[in-house]
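The values are calculated or read from the model by the stated rules, or taken from the named source; none is laboratory data. Keep in mind the model is a prediction, meaning the values are calculated, not measured. With ideal geometry, Cβ positions are generated from the backbone for all residues, glycine too; neighbour counts draw on all protein chains shown. Quick note on the areas: whole protein, heavy atoms, side chains included, nothing else; ligands and nucleic acids left out. Shrake-Rupley method; radii C 1.70, N 1.55, O 1.52, S 1.80 Å.
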Amino acid sequence: MPTRRTALALPAALVSLGSLSACGPNASGGGGGDESGSGSLRFAWWGNPRRDELTKAAISAYQEVAPDLTISAEPGDWGGYWDKLATQIAGGDAPDVIQMDEGYLAEYSSRDILLDLGTTDLDTSAVDEAALDAGRVDDGLFALNAGINAPVLLANPDVFEAAGVEMPDDTTWTWDDLADIATRITDATEDGTYGVQQFGAAGGPPLSVYLRQLGADRFGPDGLGYTAEQLQQWMDYVLDLQNSGAAPPASVAVEEAGQSVDQSLFAVGKCGLQSQWSNQVVTLDASLDGKVVILRMPSMTGKAADAQLWYKASMYFSIAATSTTQDEGVAFIDWLVNDPDAGKILLAERGVPANLDVRESIVPDLTDSDLKAVDFIEAIADELGDPPPITPPGGGAADDVLARCVEDVLFGRADPADAGAAAVDEAAGALG
């Protein structure tokens, strides 16, 4: 499960992965199998207890489809998942089926670690075209979209009510409105309760949305997609949130950064608004008695269409290029994404299904929390901006630089102008 810190620093073990490019698709490593489809398959993913439960149920159901295939589950949490995976790959012991994230996709595919699914018999005919494109790098399809989500703010109505503050109209609110609302919540509630999560520590969705509204992006065709001045504007905003008390101080945010989503201030009723991806409403609803409200991110103009939201692959399914059970892996991923029976088990916990037929078929089985995510995804369909460029190789290191520089501002070690300039200079170097 992602922690509150979402900057993606590539694991150190990745530096040794270049040698793997010599390993062809049928090299040793991964599970063992034969042409009859029997054998074993290893499936690694990160998640939370709910995702683990649903995924293991799906694995059990697949045994009826492929009774001679043994699937070993390798769940983990976000914090340790990538270091473990990098170590496994470097040692020639990669899982066969790998849950993949956008922040790592270009890096892994560029090192020939992932199988090009476009060269297999994987059926993508019913997958939304935009969702399918999200797994492409250059000319290859190295990951299949496991679900669609979008950047959102989640609201806890109990905190709003305790503060006597009305829920905003998310089709018209601005960043200034958000700051005002969050400050009023903090001022009207007990000490230790805040109006909004510390965006400086969160990075990720709010930063990306803010930059997009300035006409920028995290990355562009030639490297970084933002200027020092644009980054300074963001740093000024998050510093103002902290100084006004709307958001918690940096020390509290750093402590929270090591916690899972369901242990966050928001999840325990100590924060009115939290930045998230839309599928996380399922997890947080479980902590807050099903009361979570999904809100659009604010805009600078007060117009929802100017918020520049986009559909993101919540995560992907990939196959290791070294797997000896690639055919079995392809068949398993095909079932996970395309079969209504799998959809009725997994529901929308990984995001709204990218397969349009599966999405329609599971609606009667969706929980109220799942329906919130589906309804939101459909509600913003006519308001979307273009999807941002995929994170390039080195992008995780660049994001880590940015997160560190924002932290310096929040702790008073640097001012926004100097930190913005330093971040752009160092992050550009990380991209090479």
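Annotations
- Where residue 333 falls short, out of the listed (1) touching a strand residue (DSSP E or B) at 6+ places or on another chain (Cβ under 8 Å); (2) more than 29 Å from residue 172 (Cα to Cα); (3) open to solvent by 20 Å² or more (accessible area, probe 1.4 Å): (3)
- Selection within region 296-343: residues that are touching a Pro at 6+ places or on another chain (Cβ under 8 Å) and of a type in the set (Val, Ile, Thr). The member of this set that is nearest to residue 66 (Cα to Cα) is 337.
- Residue within region 373-384 that is of a type in the set (Gly, Ala, Ser) and under 22 Å from residue 99 (Cβ atoms) present: yes
- Residues of region 56-109 that are among the hydroxyl-bearing types (Ser, Thr, Tyr) and under 19 Å from the mean Cα position of the chain (by Cα): 81, 104, 108, 109.
- Number of positions in region 197-222 that are touching a residue at least 24 places away in the same chain (Cβ under 8 Å) and open to solvent by less than 30 Å² (accessible area, probe 1.4 Å): 17
- Among the residues of region 297-320, just one is among the aliphatic types (A, V, I, L, M), within 20 Å of residue 106 (Cα to Cα) and touching a Ser or Thr at 6+ places or on another chain (Cβ under 9 Å), namely 319.
- Within region 223-248, considering residues that are open to solvent by 50 Å² or more (accessible area, probe 1.4 Å) and touching a residue at least 12 places away in the same chain (Cβ under 8 Å), the one nearest to residue 431 (Cα to Cα): 227
- 2 or more residues of a type outside the set (Phe, Trp, Tyr) and at pLDDT below 95: qualifying strands (runs of 3 or more DSSP E) within region 136-242: 144-149
- Residue match in region 247-255 (condition: under 19 Å from the mean Cα position of the chain (by Cα), among the hydroxyl-bearing types (Ser, Thr, Tyr) and over 19 Å from residue 162 (Cα atoms)): no
- Residue match in region 339-358 (condition: open to solvent by 40 Å² or more (accessible area, probe 1.4 Å), closer than 20 Å to residue 129 by Cβ and either in a helix (DSSP H, G or I) or touching a Cys at 6+ places or on another chain (Cβ under 7 Å) (or both)): yes
- Matching residues, region 64-116, being more than 23 Å from residue 54 (Cβ to Cβ), out of contact with any Leu (no Cβ under 8 Å at 6 or more places or on another chain) and open to solvent by 50 Å² or more (accessible area, probe 1.4 Å): 68, 83, 87, 91, 93, 110
- The set of residues in region 249-292 that are in a loop (DSSP other than H, G, I, E, B) and either within 17 Å of residue 205 (Cα to Cα) or among the small types (Gly, Ala, Ser) (or both) comprises 258, 264, 266, 267, 269, 290.
- Within region 117-133, considering residues that are free of Cβ contacts under 8 Å to residues at least 60 places away in the same chain and polar (S, T, N, Q), the one surrounded by the most Cβ atoms within 10 Å (Cβ to Cβ): 124
- Within region 359-390, the set of residues being part of a helix (DSSP H, G or I) and touching a strand residue (DSSP E or B) at 6+ places or on another chain (Cβ under 7 Å) comprises 359, 372, 373, 374, 376, 377.
- Within region 295-323, the set of residues being surrounded by fewer than 22 Cβ atoms within 10 Å (Cβ to Cβ), more than 19 Å from the chain's Cα centre (by Cα) and part of a loop (DSSP other than H, G, I, E, B) comprises 300, 301, 302, 303.
- Residue match in region 250-260 (condition: in contact (Cβ under 8 Å) with a residue 12 or more places away in the chain, open to solvent by less than 40 Å² (accessible area, probe 1.4 Å), under 24 Å from residue 312 (Cα atoms) and among the polar types (S, T, N, Q)): yes
- Flag: residue 27 matches the condition of being open to solvent by 20 Å² or more (accessible area, probe 1.4 Å), at pLDDT below 95, under 16 Å from residue 328 (Cα atoms) and among the aliphatic types (A, V, I, L, M).
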